[in-house]
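Student: Encoded as structure tokens, here's the structure I'll be asking about.
We did not get these values from a lab; they are worked out from the coordinates using the rules stated. What you see is a predicted model, and the numbers here were worked out from it, not measured in a lab. Cβ atoms come from the backbone with ideal geometry, glycine included; neighbour counts cover every protein chain shown.
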Amino acid sequence: MIRKAKIADIKHIHKFVNEFAKKEEMLPRSLNDLYEGIRDFFIYEEQGIIKGVCALHILWEDLAEIRSLAVKEEYRRIGIGRSLIKRCLKEAKYFGIKKIFALTYQPEFFKKIGFTEIDKTKLPHKIWGDCVRCPKFPECDEHAVIIYL
């Protein structure tokens, strides 16, 4: 059900992510960004239907970010998002990454998986590279959550 993304998935990922971005629930991603970050993405698929996507983006030797978690509306609340995050955490553990964070409008969802909410200013400045492209920057209203493995 969960697999690494392939080049053929990029347009689906692009559609998923940018539908959420239109609702201001995440940052938009260009096709170029997605092709460059293809190795970060996981796909949740059943019977040829892509139901969700999520990425684990490694930032430093001990820090990674959960990005672009998106599940189709009709498939929410059945564990797909949780499964995608757990797969990302498994990969982070494989690489020896100890801290995984996310910037989210759904902190309660992440807390149910074991993340804790933190002050965004406690995260290293290097994480703000994508934020400068956000129309809400520097008045970000997302919540920062983190988990230590």
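Student: At 7 Å along Cα-to-Cβ for each site, give me the label-to-label distance between Asn32 and Arg77 in nm.
Tutor: Going from the Asn32 label point to the Arg77 one covers 4.0 nm.
Student: Oh, and also: Distance between the C-alpha centers of region 1-70 and region 84-112? Whole Å please.
Tutor: Centre-to-centre (Cα) distance: 14 Å.
Student: Reachable lysines from Lys93, Cα under 21 Å, same-chain residues fewer than 8 places away excluded?
Tutor: Within reach: Lys4, Lys111, Lys112.
Student: Hey, can you rank 106-116, 59-69 by average C-beta count inside 10 Å, highest first?
Tutor: 59-69, 106-116
Student: Hey, another quick one. Report the Stokes-Einstein translational diffusion coefficient (µm² s⁻¹, integer) for the chain, Rh taken as the Kirkwood radius over Cα pairs, at 20 °C with viscosity 1.002 mPa s.
Tutor: The estimated diffusion coefficient comes to 138 µm²/s.
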